[in-house]
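For reference, the structure is listed below as structure tokens.
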Amino acid sequence: MRSFWSGEIAFGLVTIPAKLYTATKDLTPQFHQLHKECGTRINLVRRCPKCNRDLGWDEIGKGYEVSKGEYALFSKEELAKLDGEESAGTIEIVEFVDPLEVDLAYVEKSYWVGPGGKNARGYELLRSVLAETKKVALAKVRLRTRTRLALLRPRGRLFSLDMMRFAEELVAADEIIPGDTKAANPREKQLALHLIDELSGPFDAAKHPDEYRSAVLAAVEEKVEAGQVSHDTTDAGDAAPAPGASTGAKVIDLAELLSRSIQVANKPGPAKARSGESAEAVDQKSERAKPAAKKKRAAG
């Protein structure tokens, strides 16, 4: 399988080359809109109702609606600046958490994360220590145009990157007003517990296939065999997505970088390094900061 993103996992001062692969696929049957008369697939045009004409992509901008019919306009360059370039090409680990504390409602979509270079020592080190500590890494990663939260967790010999919603995207339970509830009587509770016990078993998603998809595919096969198909002669090719920038691997001393990461994490103040910043850069910043601090004390 080909990867669609190449970058690195930032773990303290250690950078681990990595690649992302799709881990899920949408198999929901897709129906297209056709012209009933000739069976041709119709086009969805970009048309301005005021100018009464079709528009090209170079004529289309984006706006945020601030009130009914009023929009704050943004250029592509302005939109690119809003999210910044800080996490581009990097899965930046910001914290390690207990997976049992993460509500499943936060999880959106999953990807496989494989090693990005021939030397996978750093990749395997992080995977093994997460598995041993039963922790998952909370990370920030920029895919396409937005920086999102994600969970980096070991799954067998690989990592899974589970894209997450932000806290403000979840609807709070207190916004839903429940009806009047009464406690179940002992007989009802006993029957409910018995039913749960009867229906309990090990989780296996394969036991519950998509019946709707199977029914649609069976119906499609019947129509094909009966000759109830149309032929669209128009060409509607899809553009291939642009691949991510690749990151080369280099020989690193993992123990040394991890030791320095711990030292940097314990340093107070601005000398603390950001993920992926080299130890030499941290030391240089600290040295440059010393003369400025002396001048400030002398002036005081």
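The values are calculated or read from the model by the stated rules, or taken from the named source; none is laboratory data. Keep in mind that this is a model prediction, so the values were computed, not measured. Cβ coordinates were reconstructed from backbone atoms using ideal geometry, including for glycine residues, and neighbour counts include every protein chain displayed. Remember, those area values only see protein heavy atoms, side chains included, never the ligands or the DNA or RNA. Shrake-Rupley method; radii C 1.70, N 1.55, O 1.52, S 1.80 Å.
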Residue list for the range 136-173, filter: open to solvent by 50 Å² or more (accessible area, probe 1.4 Å), more than 21 Å from Ala120 (Cα to Cα) and among the basic types (Lys, Arg): Lys140, Arg144, Arg146, Arg165
Any strands (runs of 3 or more DSSP E) falling wholly within the range 51-164 and containing at least 3 residues that are under 19 Å from the mean Cα position of the chain (by Cα) and at pLDDT below 95: 90-97, 107-115, 136-143, 146-155, 158-164
Residue list for the range 24-50, filter: within 31 Å of the chain's Cα centre (by Cα) and open to solvent by less than 40 Å² (accessible area, probe 1.4 Å): Pro29
Search result, residues across the range 189-204 that are of a type in the set (Asp, Glu) and open to solvent by less than 100 Å² (accessible area, probe 1.4 Å): Asp204
Condition met for Leu20 (out of contact with any Asp or Glu (no Cβ under 9 Å at 6 or more places or on another chain), assigned to a strand (DSSP E or B) and of a type in the set (A, V, I, L, M)): yes
Set Ser214, Ser286, Ser259: member being surrounded by 10 or more Cβ atoms within 10 Å (Cβ to Cβ), assigned to a helix (DSSP H, G or I) and modelled with pLDDT of 85 or more: Ser214
